[in-house]
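FYI, it's all coordinate maths here, none of it is from the lab. Fair warning: this is a prediction, and the values are worked out from it, not measured in the lab. Note: ideal-geometry Cβ built from the backbone for every residue, glycine included; neighbour counts use all protein chains shown.
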Amino acid sequence: MYDQEIIQKTEDYVKSVQQGESSGHDWWHTHRVRNLAVHICRAEKAELYVVELAALLHDIADWKLHGGDDSIGPKTARVWLEKQNTGEEVISHICEIIKDMSFKGAKVETPMQTLEGKVVQDADRLDALGAIGVSRVFAYVGAKGSEIYNPDIPVKLHSSFDEYKGKSTAINHFYEKLLLLKDRMNTKTAKKIAEKRHKVMEEYLKQFFIEWDGLDF
Ligand code: ADP
Ligand code: NI
């Protein structure tokens, strides 16, 4: 079942598409998510082939970078996998994972149907946390033309995907998404890693507001 050649070809394809992307959805994000996913997969005893292919293809065509169209990711993955003849069962499993993966707002549930989906969703969310997570938020707002922080813009816990798709500031994004992720991890393995990365973000925000308010001089 596990086909090393298809994995390698998929890696090369994804690398060629995502190389140099500047909003934090570049090839190295995918590379880290794949490594996290493989680690969680082994600990949770999920099916490696589906996990690895889904991790590699999960951001092949993100809605945020394609005018808000959230059907383009699974469609692009399907076209690629059909060319590789991976079989319909594997293809529909992977496309379902990619379709359901994204965070869609603080008050929107995003359940995954299979263990493989849970593993890949956890891996993607872990890469939004910690020191890397902090870096990615600022890359994202820079690429999108949003502000670092603006105290006049209140934090919003979004109740629909459409609301969530609107603009925010980097600092608000921590409260609107990133600090909520540790309690939404699917697997025990990811929860443990998330706890550590969560603390890094809390420390970061504490220092950010000390400097913002001028309390250190
Ligand atoms: P998911 O994989 O859950 O869909 P995204 O691709 O939406 O995650 O987000 C990946 C990373 O991009 C986020 O963790 C964050 O760093 C950054 N990002 C996404 N949306 C925003 C936003 N509205 N404001 C700031 N950063 C964002
Ligand atoms: Ni991702």
- Query: What length, rounded to one decimal in nm, is gained on full extension from residue 4 through to residue 109, with 0.36 nm per residue of separation minus their alpha-carbon distance?
  - Reply: 34.4 nm
- In sequence order, what are the phi-derived ³J(HN,Hα) couplings for region 200-217 according to the Karplus relation 6.51 cos²θ - 1.76 cosθ + 1.60 with θ = phi - 60°, rounded to whole Hz, with x for glycine and proline? 4, 5, 4, 4, 4, 5, 4, 5, 4, 6, 4, 6, 4, 8, x, 8, 10, 9
- Difference of contour (0.36 nm per residue) and Cα-Cα distance, residue 131 to residue 211: 27.0 nm
- Item | Span from the region 65-106 Cα centroid across to the region 154-200 one, whole angstrom | 22 Å
- Item | Cα lying deepest toward the dipole's positive end in the chain, options 120, 108, 190, charges on Cβ | 190
- Note on the structure: Here region 73-81 yields Karplus 3J(HN,Hα) values (6.51, -1.76, 1.60; θ = phi - 60°; whole Hz; Gly and Pro given as x) of x, x, 5, 5, 4, 4, 4, 5, 5
- Query: Summing Lys, Arg as +1 and Asp, Glu as -1, what charge do residues with Cβ under 11 Å from the Cβ of residue 100 carry, residue 100 excluded?
  - Reply: 0
- Message: Taking the Cα centre as origin and putting +1 on Lys and Arg beta-carbons and -1 on Asp and Glu beta-carbons, what dipole magnitude results for region 83-196, to the nearest 20 debye?
- Response: 300 debye
- So which of 144/196; 15/107; 144/177; 107/182 end up more than 23 Å apart, counting from Cα to Cα? 144/196; 15/107
- Tell me the label-point distance for the pair residue 92, residue 179, using the 7 Å Cα-to-Cβ offset, in nm and rounded to one decimal. 4.2 nm
- Förster radius 41 Å - calculated FRET efficiency between residue 152 and residue 16, Cβ distance, rounded to 0.05: 0.45
- Item | Theoretical gain in end-to-end length, residue 39 to residue 199 [0.36 nm per residue, Cα-Cα removed] | 55.5 nm
- Message: How far apart, in nanometres, would the label points at residue 159 and residue 71 be if each is projected 7 angstrom from Cα along the Cα-to-Cβ direction?
- Response: 2.7 nm
